[in-house]
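Input: a single structure, listed below in structure tokens.
What follows is calculated from the coordinates using simple rules that are stated; it is not laboratory data. Only a predicted model underlies this, so the values are computations on that prediction, with no experimental measurement involved. Glycine gets a Cβ as well: all are built from the backbone with ideal geometry, and neighbour counts include every protein chain shown.
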Amino acid sequence: MADDYMAKLLGDGEEVLYVDRQHWFVLVRNIFVEGVAVAAVLVLYFVLANFFKEQPWANWIWLILILLVWPVISGLFDFFNWYNRKFIVTSWRVIQLSGIINKAVIDSSLEKVNDIELTQSFFGRIFGFGNVEILTASEIGANKFMTIRDPLKFKNFIVNAKERLGHDDDRRISAKDGPVVQSAPAPADIPAMIDRLADLRKRGVLTEEEFQRSKQQLLQKMAEQNNSK
């Protein structure tokens with residue numbers, strides 16, 4: 001899925017989950033002027049070639065086609081700009097990659113993503129495009145992905161990747177420190193464990209039901225240990 005340049009951006013163990021681009025409306029909008037210019041030059045050429053073919057200078061009419069060079073080159077430049085502008089979700093980050101020769105990269109760490117705002121106009125819902133803005137805790141503050149061709153899917157991949165990253169962090173903590181509830185902690189440690197569970201609930205790793213169940217188990221263990229003294 002990842003091209004050579006994209007692959008160079010990835011860290012060890014980082015995985016590309018999803019790649020998207022701007023909607024084709026953006027490409028059509030960008031090459032509209034060039035398309036009109038090409039059509040105008042072709043119309044002019046055929047009019048002159050048919051109405052003035054008897055003139056002695058008629059053999060030079062084809063030189064008008066030189067005027068096609070600018071809009072064709074400009075249109076190709078717009079196409080490759082659109083094609084190389086990619087919105088990437090990895091297992092660690094959300095990346096904007098743009099540029100044909102000179103590359104520009106903007107990325108936001110999933111750990112610092114606070115909120116994700118999706119906006120779709122009436123026509124955006126009909127034709128399947130919209131904007132996604134990621135609000136982060138970094139100095140940049142926001143990372144905007146404009147006119148994405150499938151904003152709902154893009155947003156869902158970010159949410160799922162962030163949740164997966166949180167679960168991976170918790171598994172690493174559990175592997176290092178041992179189970180939170182099923183161990184036999186000292187009574188003095190239990191309030192700190194409840195605070196940790198509350199933090200996991202706040203991050204969306206635990207549901208309210210799971211938090212309350214684990215909290216009750218810890219409180220019960222603390223009561224049992226105090227009664228055994």
Beyond 32 Å (Cα-Cα) in this structure, taken from K112/K221; K112/K215; K162/K215; K8/K202; K8/K112, we find K112/K221; K8/K202
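Report the calculated FRET efficiency for S91 and A40 (r = Cβ-Cβ distance, R0 = 41 Å), to the nearest 0.05.
Once the sixth-power term is evaluated, E becomes 0.25.
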Under a plain spin-label model, where a point goes 7 Å from the Cα along Cα-to-Cβ, how far apart in nm are E111 and E208? 3.0 nm
Relative to the compact-globule scaling 2.2 N^0.38 Å, provide the ratio for the alpha-carbon radius of gyration of segment 56-103. 2.03
Take the Cβ-Cβ distance between A7 and E133 as r, set R0 to 30 Å, and report the resulting FRET efficiency rounded to the nearest 0.05. 0.65
Give me the distance in nm between label points sitting 7 Å out from Cα along the Cα-to-Cβ direction at V72 and N226, one decimal. 8.5 nm
Loop-only check: which GluC sites (Glu not before Pro) in segment 47-125 are DSSP coil with at most 14 other Cβ within 10 angstrom? E54
Report the extension gain between Q216 and Y83 in nm, rounded to one decimal, defined as 0.36 nm multiplied by the number of residues separating them, less their alpha carbon distance. 42.4 nm
Considering only DSSP states other than H, G, I, E and B, which trypsin sites (Lys or Arg not before Pro) in segment 73-110 qualify as loop sites with at most 14 other Cβ atoms within 10 Å? K103
